[in-house]
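Notes follow once the structure below has been shown.
Here, each number is a calculation from the coordinates, and none is a lab measurement. Given the structure is predicted, the values throughout are model-derived calculations rather than measurements. In this analysis, Cβ positions are derived from the backbone assuming ideal geometry, glycine residues included, and neighbour counts consider all displayed protein chains.
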Amino acid sequence: MAKGFFRCLRAPLAGALLLAGLPWSTPAAGGGSVKAGGGTAPWWEVRLSVAAEGKYVLRGDGPPVTGFYALEARWEGRLEPDA
């Protein structure tokens with residue numbers, strides 16, 4: 001069982017990665033990006049956004065320390081299909 005920070009990110013990140021990899025997420029049915037001339041490019045253009053927020057508690061020898069965190073990450077790039 002995951003603990004702490006990664007427990008909160010596991011489900012949203014898995015869902016985002018699944019959606020990014022689905023074949024219907026590409027403009028052309030066979031995969032690849034649609035070119036201006038109507039053909040398909042030999043890659044997929046991918047945009048992935050992940051956002052998370054929550055609170056944390058650090059317990060130690062002294063009084064517990066609490067706080068809030070927020071994360072927003074964005075990745076854009078191209079992926080070439082596997083054979």
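Worth pointing out:
- A simple packing score, the average count of other Cβ atoms within 10 Å per residue, orders the peptides 41-54, 69-82 as 41-54, 69-82, with the highest score first.
- Under 5 Å, built H, 5+ apart or other chain: amide partners of residue 43: 33
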